[in-house]
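Structure record follows, encoded as structure tokens.
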């Protein structure tokens, strides 16, 4: 669904007033819904939070969201993937403008090289959503919504310099008229990334400098929007990223000789036509094509007599026509099909293809008896050419207790699944074509309170439970070759807390998130398995963050404190092998000066203000204190 539908849907009856005071999201139900009326939690990283955050990637701005843990292999330029509600990164589906971005090869997305240059907002729908979006939407869905062109002519240019040889530049231009508008942007960033870190193996304790972690990332985007007729709208967009990076291995000794390189060439193109057929019927006809070519080489790593030099070429085309039927005020049905074709060519996997054909239906129904009760049933069926499909039902409800202040309770229950990846099925050295999809049941319940006092205050608490079975695990066989099997069951339960206050016309903004998660392996791989009912490695049980931001006249500032609890490093949870808890503080301050139509903005950022020494993945140190300064000029 595109954003122009918001005004169409909200023009019914008296709900236009609601549009001005409530945040509308599309990810939670495939149609525009006020965020407080959804059956499950959806968080929004909007323009205000983007401005308060440090960094230039999607990973930088989602890391402190409720229920989110970012798996980071070494700071900027390194692999960064998202984990939601205690589930691994392969259980989080990434969308761009509602279209699948996650590949079928590995089912994870590196958010560290996904630039914010054309991002308008990010919606994070926590919990199982396979009934709406199909495979891999087990832990949650991240929908990255890009900026749409406007008729107003605007241009900007920015430059950045920072620690560890970091430099970057960015430029965007856009404009048009009421019928057709265009927007283009480009961002380039590179760094030596040779940061200092503390190495301690129990015998040696000294400061080392990270080797082979340099990166160069280029991002380009072009988008257009057009009014084809009074009832027909169209938009087209293309995103291209080119990332050349060192891929250093885990640090296990004081000597480093990292020569591994990874190169990602990624193109994501999309087009959509929106048709308002009548007052009660709307169509959306989106199409996307995703091309990714990745190469990896390591002169130090040999298989047989040759060093590793691999390539992976993924192509995915997706067509998802959707129809929305407005039955009556507050009651509508969304139905559609999802057709996809994916192919992979690689020197390490069998040449493979996958055809997907799916159908889904979801609806929204309002009842007043006497409280407002909203029911959200949804159902989806997926079929695949190379693996089994599944039926994914879900039911959710939202009950309004009070209107002013807003007090609502909500809950949902559904069935979800994840399909085996191309790597799982077709890896030449041990892929298993007999794998079954992983299946799970998810439940969540929460309460939301909204108060208007000196501004807008929102408090939310959620309980969730995810029970997954047939989890795919890679294990060595008798011959020593690793192969995947459906072996494990996993249970993830927890509580998410979030609170935000935007006071005095956003002169003061406060945001808090807190998470407590128990992610356990509940199955035994063999009799007397010491890893049964133990916590999953690397995932913290407790995380929290607090951001305080202020904007007065031309000066803005933000301070973010984050806490990450201890993490086990061994599957049997041996207390001798843990990452200790750590605290980290980031800060930024910016100054804005406007002279006629030219706006100049100067922003300074400090990450890891107090030089905390920590790791998120064993052997992959994180940068200590680092700074960055950005100057931006905008003509509007």
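What do you get when you divide the Cα radius of gyration of the range 17-143 by 2.2 N^0.38 Å, with N the number of residues?
It is 1.01.
Taking the highest mean first, how do the peptides 515-525, 369-379, 40-50 order by number of other beta carbon atoms within 10 angstrom per residue?
40-50, 515-525, 369-379
Please compute the Kirkwood hydrodynamic radius over the range 405-534, one decimal place, Å, based on all pairs of different Cα atoms.
Roughly 18.0 Å, rounded to one decimal.
Calculate the length of the line joining the C-alpha centroid of the range 197-256 to that of the range 134-184, in whole Å.
Using only Cα atoms, the two centres lie 16 Å from each other.
In deg cm²/dmol and to the nearest 500, what is the mean residue ellipticity at 222 nm of the chain if only DSSP H runs of at least 4 residues count, each as -39500 (n - 2.57), divided by the residue total?
Result for the chain: -1000 deg cm²/dmol, rounded to the nearest 500.
Once the Cα atoms of the range 456-532 are picked out, what are the Rg and Dmax in Å?
That works out to 20.8, 67 Å for Rg and Dmax.
Take the eigenvalues of the Cα gyration tensor for the range 508-574, scale each by 5, and report the square roots as semi-axes in whole Å, largest first.
After scaling each eigenvalue by five and taking roots: 41, 9, 6 Å.
So if the hydrodynamic radius of the chain is defined as the Kirkwood radius over C-alpha pairs, what does Stokes-Einstein give as its diffusion coefficient at 4 °C and 1.567 mPa s, in µm² per second?
After rounding, the answer is 51 µm²/s.
With no solvent and one equal point scatterer placed on each C-alpha of the range 465-605, evaluate the Debye formula and give log10 I(q)/I(0) for q = 0.09, 0.17 Å⁻¹, two decimals.
-0.50, -0.99
Based on the mean of other Cβ atoms within 10 Å per residue, sort peptides 351-360, 614-623 so the most packed one is first.
By packing density, highest mean first, the sequence is 614-623, 351-360.
Taking a virtual spin label 7 Å from the Cα of residue 339 along the C-beta vector, which residues in the range 286-314 bring their backbone nitrogen under 17 Å of it?
286-290
Pull out a ≥ b ≥ c, the square roots of the eigenvalues of the alpha-carbon gyration tensor of the range 219-339, then state rounded if a/c is under 1.5, prolate if not and a/b is larger than b/c, and oblate in the remaining case.
Cα axes put the range 219-339 in the prolate bin.
Could you please rank 204, 631, placing first whichever residue has the fewest other Cβ atoms within 10 Å of its Cβ?
204, 631
Quick one: if you stick a label point 7 Å off each Cα along the C-beta vector at residue 196 and residue 583, how many nm between them?
2.4
Could you order the peptides 78-91, 569-582 from most to least packed, using the average number of other C-beta atoms within 10 Å per residue?
78-91, 569-582
Taking the Cα-to-Cβ direction at residue 395 and at residue 256 and moving 7 Å from each Cα, how far apart do the two end points lie in nm?
Placing both labels 7 Å beyond Cα along the Cβ direction yields 5.5 nm.
Quick one: if the Förster radius is 41 Å, what FRET efficiency do residue 525 and residue 306 give, using the C-beta to C-beta distance and rounding to 0.05?
With a Förster radius of 41 Å, E is 0.75.
Throughout, read-outs are computed from the coordinates displayed, never taken from laboratory work. Quick caveat: nothing in here was measured; it's all calculated off a predicted structure. Glycine gets a Cβ as well: all are built from the backbone with ideal geometry, and neighbour counts include every protein chain shown.
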